[in-house]
Amino acid sequence: MFETGLTRTLNIQYPLFQAPMAGGPTTPDLVAAVSNAGGLGNLGAGYLTPEQLRSTIQKIRELTDKPFGVNLFVPEQPEESKEAVVQMMDHLSRYHVRYGIAQNPLTLESLELFEEQVQVLLEEKVPVFSFTFGIPPQDVIQAMQQNGTVVLGTATTVEEARHLDLAGVNAIVAQGYEAGGHRGTFLKKVSESLIGTMALVPQVVDHVSVPVIASGGIMDGRGLVASLALGAGAVQMGTAFLASSESGAHEAYKQKILSSNEDSTEITSAYSGKAARGIRTKFMSDMDQYSGTIPAYPIQNALTREIRQAAAKANDPEYMSLWAGQGLRLVGGQSAEAIIKQTIEQAIRVQKRFQ
Ligand SMILES: Cc1cc2nc3c(=O)[nH]c(=O)nc-3n(C[C@H](O)[C@H](O)[C@H](O)COP(=O)(O)O)c2cc1C
């Protein structure tokens with residue numbers, strides 16, 4: 001049912017990917033449960049050390065013999081004035097006082113992290129490698145493909161999709177405005193790259209030579225059938241899996257997901273210095289009042305990390321990042337297997353209506 005070129009290439013039953021979600025939600029249990037249920041589970045590994053990455057992949061392999069994907073962040077080197085960083089540290093110190101934690105000096109992940117992560121993926125011969133925030137060097141894409149790995153890039157505009165196509169990826173995730181989490185935008189300003197999924201997917205499909213995966217606001221069988229009708233070869237669903245029993249999202253975050261609506265989210269760069277969609281929090285409204293410059297990703301991300309961790313420990317969602325998309329009212333708290341089963345059953349019913 002719903003076989004596409006992509007399901008054949010990836011050797012999966014349904015054209016349904018669970019989105020990679022860095023920062024904890026995509027546990028080995030979730031990734032494996034999705035793959036075992038016929039979809040493609042994806043690990044969000046952007047923040048993992050090479051050691052954590054290897055052991056997590058091994059755990060996934062203990063839980064499934066089906067294909068799965070691993071997602072990394074293409075590294076960025078921001079140029080930020082020391083003054084902006086010092087000013088931000090001064091501003092954020094109130095939250096360190098709030099949680100009674102020390103404010104440590106700024107430490108950024110080494111630029112070699114991405115290369116080391118790639119090395120692990122090559123050694124582990126992962127079935128699928130996806131990336132966001134840019135395009136990795138040609139040799140990385142080629143080495144993956146020569147190793148038998150299917151490579152997917154993320155685009156938020158047709159132009160970005162064309163660049164990815166030229167770079168030789170096997171398929172492109174088209175990420176619409178509705179999507180939860182960080183925007184994958186890498187060519188123009190984010191404000192010029194906020195295209196809704198309904199408009200983005202068919203335009204990308206028309207301008208690239210590889211299959212397209214629709215992503216952003218797809219929550220159920222209706223979204224799946226609509227995406228296939230727009231020409232997508234699969235969908236990638238993130239928010240729909242966030243409150244699932246296998247998701248590693250914090251309990252307070254899950255509760256917020258289950259009680260929020262389509263109008264609860266906003267795109268903000270307050271947490272990480274990079275635009276991302278999440279449920280509106282007190283931290284976001286506090287930061288709206290900040291008159292200085294928010295340092296670029298990954299600097300701001302590193303500056304707020306301890307605050308977010310302390311907030312999680314204190315069960316205080318207002319100071320955690322609660323990434324989520326606009327489909328919030330459609331989220332349930334079932335198991336990953338149940339989400340996939342219901343999505344496919346509903347898609348079959350929807351499709352029958354048109355026959
Ligand atoms: C909590 C969260 C974390 C995310 N982390 C990543 C990530 O690490 N890598 C990535 O490519 N996309 C990430 N995304 C974006 C998803 O790949 C996808 O574009 C998005 O979830 C689709 O929109 P939806 O949430 O409305 O389904 C994340 C999304 C969420 C909600």
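The table below gives the values:
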quantity	calculated
Residue count for the stretch 1-48, restricted to those that are of a type in the set (A, V, I, L, M, F, W, C), open to solvent by less than 40 Å² (accessible area, probe 1.4 Å) and within 27 Å of Q351 (Cα to Cα)	11
Residues satisfying the stated conditions in the stretch 74-105, i.e. more than 30 Å from V140 (Cβ to Cβ) and touching a Gly at 6+ places or on another chain (Cβ under 6 Å)	Q87
Odd one out for V210 among (1) under 20 Å from Q138 (Cα atoms); (2) within 16 Å of the ligand (Cβ to nearest atom); (3) of a type in the set (A, V, I, L, M)	(2)
Residue check, E306 without any contact (Cβ under 8 Å) to a residue 60 or more places away in the chain, in contact with a Phe, Trp or Tyr (Cβ under 9 Å, 6 or more places away or on another chain) and open to solvent by 10 Å² or more (accessible area, probe 1.4 Å)	no
Qualifying residue in the stretch 152-166 (condition: farther than 26 Å from V190 by Cβ and open to solvent by 10 Å² or more (accessible area, probe 1.4 Å))	no
All positions within the stretch 28-48 that are within 13 Å of the ligand (Cβ to nearest atom) and of a type in the set (S, T, N, Q)	N42
Test result for G196, under 27 Å from A249 (Cβ atoms) and surrounded by fewer than 20 Cβ atoms within 10 Å (Cβ to Cβ)	yes
Residue selected from the stretch 86-119 under the condition within 16 Å of the ligand (Cβ to nearest atom) and of a type outside the set (S, T, N, Q), by the criterion most open to solvent (accessible area, probe 1.4 Å)	E109
Leading residue by the ranking (most open to solvent (accessible area, probe 1.4 Å)) among those in the stretch 278-301 that are under 21 Å from the mean Cα position of the chain (by Cα) and more than 16 Å from the ligand (Cβ to nearest atom)	A296
Pair list, Cβ < 8 Å and 6+ apart or interchain, from the stretch 4-31 residues that are without any contact (Cβ under 8 Å) to a residue 60 or more places away in the chain and closer than 24 Å to G46 by Cα to residues that are within 15 Å of the ligand (Cβ to nearest atom) and in a helix (DSSP H, G or I)	P28/T56
Residue satisfying condition, being within 16 Å of the ligand (Cβ to nearest atom), under 22 Å from R8 (Cα atoms), over 20 Å from the mean Cα position of the chain (by Cα) and not charged (D, E, K, R), within set G221, G153, G168, G148	G221
Out of Q77, Q138, Q103, Q87, sole residue that is more than 20 Å from L152 (Cβ to Cβ) and without any contact (Cβ under 8 Å) to a residue 40 or more places away in the chain	Q77
Test result for D263, open to solvent by 10 Å² or more (accessible area, probe 1.4 Å) and within 16 Å of the ligand (Cβ to nearest atom)	yes
Pick from the stretch 309-355, criterion assigned to a helix (DSSP H, G or I), within 14 Å of the ligand (Cβ to nearest atom) and open to solvent by 20 Å² or more (accessible area, probe 1.4 Å), ranking: farthest from L194 (Cα to Cα)	A312
The stretch 231-242, subset open to solvent by 10 Å² or more (accessible area, probe 1.4 Å) and under 16 Å from the mean Cα position of the chain (by Cα), residue farthest from R329 (Cα to Cα)	Q236
Single match in R183, R222 (criterion: more than 22 Å from P127 (Cβ to Cβ), basic (K, R) and surrounded by 17 or more Cβ atoms within 10 Å (Cβ to Cβ))	R183
Top-ranked residue in the stretch 49-77 [being open to solvent by less than 40 Å² (accessible area, probe 1.4 Å) and part of a loop (DSSP other than H, G, I, E, B); ranked as nearest to the ligand (Cβ to nearest atom)]	V74
Only one of V151, V126, V118, V140 that is in a loop (DSSP other than H, G, I, E, B) and over 30 Å from G292 (Cα atoms)	V126
Verdict on A270 being open to solvent by less than 10 Å² (accessible area, probe 1.4 Å) and touching a helix residue (DSSP H, G or I) at 6+ places or on another chain (Cβ under 8 Å)	yes
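The values are calculated or read from the model by the stated rules, or taken from the named source; none is laboratory data. Quick caveat, the model's predicted, so the values are computed rather than measured. Neighbour counts run over all protein chains shown; Cβ positions are idealised from the backbone, glycine included. Only protein heavy atoms, including side chains, enter the accessible area calculation; ligands, DNA and RNA are left aside. Shrake-Rupley method; radii C 1.70, N 1.55, O 1.52, S 1.80 Å.
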